[in-house]
Amino acid sequence: MNIQLFNFLEDYNSQIVSLLLAKIPRQINAYTRMPRTELKQMLEHLLDGYIDLLVTGQTDALDKVFRYMSRVHHAKKIAISDVLMAILMFPQVIRRLLAEEYADIQGEDAVRKFNQALEQTETTAHRAACSFVDIFQEHVDKRISEHNDYLEEVGNKFGIDLSRFIVFRA
């Protein structure tokens, strides 16, 4: 991990959130229904988890945010693709800021560092997107299990065979 990239992300933290706050609702209609303060708070937590993933390689901080988002977004009927699109906008916003940061620096070393920073931000976003999909799948599996357990309980209580309504067993 590049310490310069970490420092850059920390220095531009509020600007990144502001840019995402403007860009995401403009490009993803589902987020126009979310109150701006709620979206801003979600983006702040996502960015903190994103930076943590970039620095440590661990998804623990993001996983907490994603577990919450899975429940809330599912309840609000926000599509998984909308969440993934939002996550993948992080490198787009960061790329623009990095380009401005490296614009005045001359030489091959600057190009190499810029490209390296881009690769790290994109790889981190892809890992974050994959982590969200895994967390969301856990959420769906849990909901299915709860549904199946409920059907078994009701069936046993009333002596009815509801096995044809059980979705699947792992």
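What follows is calculated from the coordinates using simple rules that are stated; it is not laboratory data. Here the structure is a predicted model, which means the values were calculated and not measured. As a convention, Cβ positions derive from the backbone with ideal geometry for all residues, glycine included, and neighbour counts pool all protein chains shown.
This structure gives Cα Rg over 2.2 N^0.38 Å, computed directly, and of (i) 1.32; (ii) 1.19; (iii) 1.07 that value is listed as (i). In sequence order, the stretch 137-143 has phi-based couplings of 4, 4, 4, 5, 4, 5, 4 Hz under the Karplus curve 6.51 cos²θ - 1.76 cosθ + 1.60, θ = phi - 60°, and Gly or Pro positions carry x. In percent, rounded to a whole number, the relative contact order of the chain is 23, using alpha-carbon pairs under 8 Å and six or more apart.
Quick one: net charge of GLN4's neighbours, Cβ under 13 Å, K/R +1, D/E -1? Each step should come with its number before you reach the end.
Details: positive: ARG112, LYS113; negative: GLU10, ASP11, GLU101, ASP109.
Taking every Cβ under 13 Å from that of GLN4, the sum is -2.
Rounded to the nearest 500, the 222 nm mean residue ellipticity of the chain from helices alone is -26500 deg cm²/dmol, with -39,500 (n - 2.57) taken per DSSP H run of at least 4 residues. Across the cross-link table entries LYS23/LYS142; LYS40/LYS76; LYS40/LYS77, which are compared at the Cα atoms, the separations over 24 Å belong to LYS23/LYS142.
For a Förster distance of 25 Å, can you work out the FRET efficiency between the beta-carbons of ASP149 and TYR68, rounded to the nearest 0.05?
Values: r = 23 Å, r/R0 = 0.93.
In this case the efficiency is close to 0.60.
Would you kindly state how much longer the chain becomes between ILE160 and PHE6 on full extension, computed as 0.36 nm times their sequence separation minus their alpha carbon distance, in nm to one decimal?
That pair, ILE160 and PHE6, stretches by 49.5 nm at full extension.
Please work out whether the stretch 125-170 counts as rounded, prolate or oblate from its C-alpha gyration tensor, where a ≥ b ≥ c are the square roots of the eigenvalues and a/c under 1.5 means rounded, while otherwise a/b larger than b/c means prolate and anything else oblate? Show your work: numbers first, answer last.
Numbers: a/c = 6.75, a/b = 4.09, b/c = 1.65.
Note, shape of the stretch 125-170 comes out prolate.
Projecting the Cα positions of HIS126, THR37, GLY57 onto the charge dipole of the chain (unit charges on Cβ atoms of Lys, Arg, Asp and Glu, taken about the Cα centre) puts THR37 furthest along the positive direction.
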